[in-house]
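A short write-up of the structure that comes next.
The values are calculated or read from the model by the stated rules, or taken from the named source; none is laboratory data. The shown structure was predicted, so the numbers you read here are calculated from the model rather than taken from an experiment. All Cβ positions, even for glycine, are placed from backbone atoms using ideal geometry, and neighbour counts span all protein chains on display.
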Amino acid sequence: MTDEELMKLPTLNVDQAGQLLGVSRGHAYAAVKAGEIPSLKLGRRVLVPTRPLLEMLGLVEPAPKRGELTVWAEHTSEELVERLERSRALLDDVIREIKASD
């Protein structure tokens, strides 16, 4: 399975996760039971979320946490300030309209 194919899968079964880790099926299930491999239990099925497993292995960058401000490197500080100023201007317009309708 290629990296691209792997990234498209939201989950893996425990056997697939074990293959990716290079451990036996039994070791993979033991690691899931011990909480060493992130997992979800749906009925009798045990699934391993792909992204957290790849993050754990250092194969992908951790996803930003909710509420974190993410600033992309391709934007200069001037561009970011300009975007913030435009957003503020739009917000001011909305506030004026609300006050005018009262």
(request) Inspect all residues belonging to segment 55-72 and state whether any of them is at pLDDT 85 or above, closer than 27 Å to THR2 by Cα and outside any loop (DSSP other than H, G, I, E, B). (result) yes
(message) Need the failing condition index for GLY35 against (1) part of a helix (DSSP H, G or I); (2) on the phi > 0 side of the Ramachandran plot, just the number.
(response) (1)
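Could you please let me know if LEU47 is crowded, with 18+ Cβ neighbours inside 10 Å and closer than 14 Å to LEU59 by Cβ?
Taking the combined requirement at face value, the residue does not satisfy it.
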